[in-house]
1. Can you tell me how many residues in segment 1-41 are in contact with a Lys or Arg (Cβ under 8 Å, 6 or more places away or on another chain), assigned to a loop (DSSP other than H, G, I, E, B) and either closer than 22 Å to Gly74 by Cβ or among the charged types (D, E, K, R) (or both)?
2. Within segment 209-233, track down each residue that is within 7 Å of ligand 2 (Cβ to nearest atom) and open to solvent by less than 60 Å² (accessible area, probe 1.4 Å).
3. Quickly run through segment 12-34 and pick out the residues that are more than 16 Å from ligand 2 (Cβ to nearest atom) and either in contact (Cβ under 8 Å) with a residue 24 or more places away in the chain or within 16 Å of Ile55 (Cβ to Cβ) (or both).
4. So which residues in segment 127-139 are in contact with a helix residue (DSSP H, G or I) (Cβ under 7 Å, 6 or more places away or on another chain) and open to solvent by less than 10 Å² (accessible area, probe 1.4 Å), if there are any at all?
5. Can you name every residue in segment 246-274 that is touching a residue at least 24 places away in the same chain (Cβ under 8 Å) and within 16 Å of ligand 2 (Cβ to nearest atom)?
6. Just need a number here: residues in segment 60-106 that are within 16 Å of ligand 2 (Cβ to nearest atom), within 19 Å of Ala7 (Cα to Cα) and either at pLDDT below 95 or open to solvent by less than 10 Å² (accessible area, probe 1.4 Å) (or both).
7. So which residues in segment 84-102 are closer than 18 Å to Lys268 by Cβ and of a type in the set (D, E, K, R), if there are any at all?
Amino acid sequence: MNQGSIAVIGAGKWGQALHFALSQKQKCLISSRSKREIENFVDLETAMDCEYLVIAIPAQEIRGWLKENFVFKGQKILVASKGIEAKTGEFLNEIYSNFVPDKNIGFISGPSFAAEVIKGLPCALVINSKSKKLYKSFQPFFPNFIKTYFSADVIGAEIAGAYKNVLAIASGICEGLQLGKNAQASLIARGLVEMQRFGKYFGAKKSSFLGLSGAGDLFLTANSTMSRNFRVGLGLSQNKKLEDILKELGEVAEGVKTADAIHNLSKKYSIYTPIANEVKLILDGKNPKDSLKDLLKN
Ligand SMILES: NC(=O)C1=CN([C@@H]2O[C@H](COP(=O)(O)OP(=O)(O)OC[C@H]3O[C@@H](n4cnc5c(N)ncnc54)[C@H](O)[C@@H]3O)[C@@H](O)[C@H]2O)C=CC1
Ligand SMILES: O=C(CO)COP(=O)(O)O
């Protein structure tokens with residue numbers, strides 16, 4: 001293993017932005033399943049030999065990718081994805097735990113549009129890990145324009161980061177239907193309560209939902225057309241077909257599959273998640289105006 005070296009795996013929007021950020025202080029490699037014209041692009045084998053890895057591939061692809069490609073050699077890993085696996089309802093930390101010990105892994109959360117990070121604009125992130133030592137070992141890699149915080153509440157950060165994508169879809173629908181700022185603020189505030197309730201069931205801490213990982217990321221994504229999930233919601237409000245919306249988007253919108261996962265988990269464990277459930281029903285074809293009526297019922 002190449003001691004002290006760092007690589008980003010996944011060269012989508014977020015992988016490239018993290019690569020830019022992590023290249024400010026030292027050389028940072030980047031790898032992806034197809035070759036890209038990016039400085040310090042390497043093959044997967046070379047990347048995997050680095051002591052530090054940042055993995056930025058879509059949540060639904062992680063299990064298959066790990067099975068096919070990953071060899072644990074003692075690397076320290078940061079997971080940059082935000083989502084819940086739809087086909088099993090497993091959280092990403094559960095999936096990774098089959099491949100990497102807890103003390104070697106952390107999860108990035110917080111409000112961070114790739115398009116702003118790649119311009120070097122200021123940003124604050126949380127590194128969530130069972131090991132503070134892991135956080136401290138990654139901290140020096142981050143550039144001056146990114147402030148990093150530590151939290152040991154891995155499940156809280158994961159749920160907040162995944163859930164806000166579903167709520168961003170709801171907020172995009174609200175915007176598209178021109179329901180007004182009162183409705184949108186209510187939706188976001190009730191969404192925050194809902195994700196906290198869901199998180200509590202799985203042992204998450206309340207404070208994670210009130211800080212950068214929850215409120216921070218939710219306010220960002222549920223209020224901006226820069227969010228892919230928000231744009232999915234806009235498309236749904238115009239009665240566009242999901243398939244066409246996703247084709248036009250050309251990038252991942254994690255909220256689509258995560259809505260499925262939340263729907264199944266909340267049903268299984270009887271957790272009250274009305275907004276996420278309506279998003280799932282709209283994705284399955286329900287008219288958003290009918291969802292609105294159902295959400296407004298006293
Ligand atoms: N774009 C953003 O602003 C942010 C994104 N994220 C999260 O980061 C993750 C990745 O998002 P983006 O990079 O923005 O998405 P993207 O759609 O721009 O890129 C996804 C990347 O994953 C790769 N990929 C897809 N399937 C793969 C597979 N089976 N094996 C290997 N690689 C595969 C693609 O080639 C592509 O490079 C998502 O979970 C997203 O929620 C988190 C924070 C910010
Ligand atoms: O997670 C993000 C910003 O923190 C990106 O959100 P979208 O995937 O909705 O663009």
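The values are calculated or read from the model by the stated rules, or taken from the named source; none is laboratory data. A quick note: this is a predicted structure, and the numbers were derived from the prediction, not measured. Here the Cβ is made from the backbone with ideal geometry for all residues, glycine too, and neighbour counts use every protein chain on show. For accessibility, only protein heavy atoms count, side chains too; no ligands or nucleic acids. Shrake-Rupley method; radii C 1.70, N 1.55, O 1.52, S 1.80 Å.
1. Looking only at that region, the number is 1.
2. Here is the first cut: in segment 209-233, the ones within 7 Å of ligand 2 (Cβ to nearest atom) are 217, 220-221, 226-230.
Answer for segment 209-233, where residues must be within 7 Å of ligand 2 (Cβ to nearest atom) and open to solvent by less than 60 Å² (accessible area, probe 1.4 Å): Asp217, Leu220, Thr221, Ser227, Asn229, Phe230.
3. Applying the first criterion (more than 16 Å from ligand 2 (Cβ to nearest atom)) to segment 12-34 yields 19, 22-34.
Residues satisfying the conditions are His19, Leu22, Gln24, Lys25, Gln26, Cys28, Leu29, Ile30, Ser31, Ser32, Arg33.
4. Filtering segment 127-139 for residues in contact with a helix residue (DSSP H, G or I) (Cβ under 7 Å, 6 or more places away or on another chain) gives 127-131, 134.
Result: Ile127, Asn128, Ser129, Leu134.
5. Of all residues in segment 246-274, those touching a residue at least 24 places away in the same chain (Cβ under 8 Å) come to 251-262, 264-266, 268-269, 271-274.
Glu251, Val252, Ala253, Glu254, Gly255, Val256, Lys257, Thr258, Ala259, Ala261, Ile262, listed by residue number.
6. 4
7. Matches in segment 84-102: Glu85, Lys87, Glu90, Glu94.
Residues checked against (1) surrounded by 22 or more Cβ atoms within 10 Å (Cβ to Cβ); (2) without any contact (Cβ under 8 Å) to a residue 24 or more places away in the chain; (3) over 25 Å from Leu18 (Cα atoms):
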site	(1), (2), (3)
Pro143	no, no, no
Ile155	no, no, no
Gly161	yes, no, no
Leu167	yes, no, no
Ser171	yes, no, yes
Cys174	yes, no, yes
Ala185	no, yes, yes
Phe198	yes, no, yes
Ser207	no, no, yes
